[in-house]
Amino acid sequence: MVAARAKAGKATMYRRWSSKAELVRDALTWMNRNHLELDLLPDTGTLRNDLLALLKPQSLEEGERKLRVLAGLGSFFSQNSESINGEIFEPWAVMNRELMHRSVGRGEISTRADIEMACQVITSMASYRGLVQRKTFDKHFYASLIDGVLLPALKNPLTSPNEME
């Protein structure tokens, strides 16, 4: 289908990408470039608004296209998870970490906040939403995640495992 849509032969496609997994990974990496501007991190004054500003508005068509690519990724994810994490999710984690560290500096969240865990939660929820639920990781969903999970956890972190009891 990809070769037909590109008006190219299968051999041409396989010269560029040796496997379907590579093709899907490159498609996701390319789609990420449209949303990530590493040099232009938002600075709205609050972590919540900075995180929301990372998600740029997208058209319904773009959201549907991403879902189709993610659907193709599902069958290859387990075999290529390290590559996918490094090229697809890590750039987002880098930006989120920077915004969270900036927020610590402003005194908005605790210095004891588990920033790495928060970044993993965002990545996990984005993956689950796209790969399992086949839904877009849109601003409404992300705002709910920020308000209901991330900010409470970052502002009121546990000091030790004993606090869980």
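Only the coordinates and a few stated rules stand behind these numbers; no lab work does. Every value quoted in this text rests on a predicted model; they were computed, and no experiment measured them. Note: ideal-geometry Cβ built from the backbone for every residue, glycine included; neighbour counts use all protein chains shown.
Structure notes:
- Protection proxy ranking for 118-125, 105-112, 5-12, using the average of other Cβ atoms within 10 Å per residue and placing the highest first: 118-125, 105-112, 5-12.
- Listed values for the range 100-117 are Karplus-derived 3J(HN,Hα) couplings in whole Hz (6.51 cos²θ - 1.76 cosθ + 1.60, θ = phi - 60°), namely 5, 5, 4, 5, 4, x, 7, x, 6, 10, 5, 5, 8, 4, 8, 5, 4, 5, and x replaces Gly and Pro.
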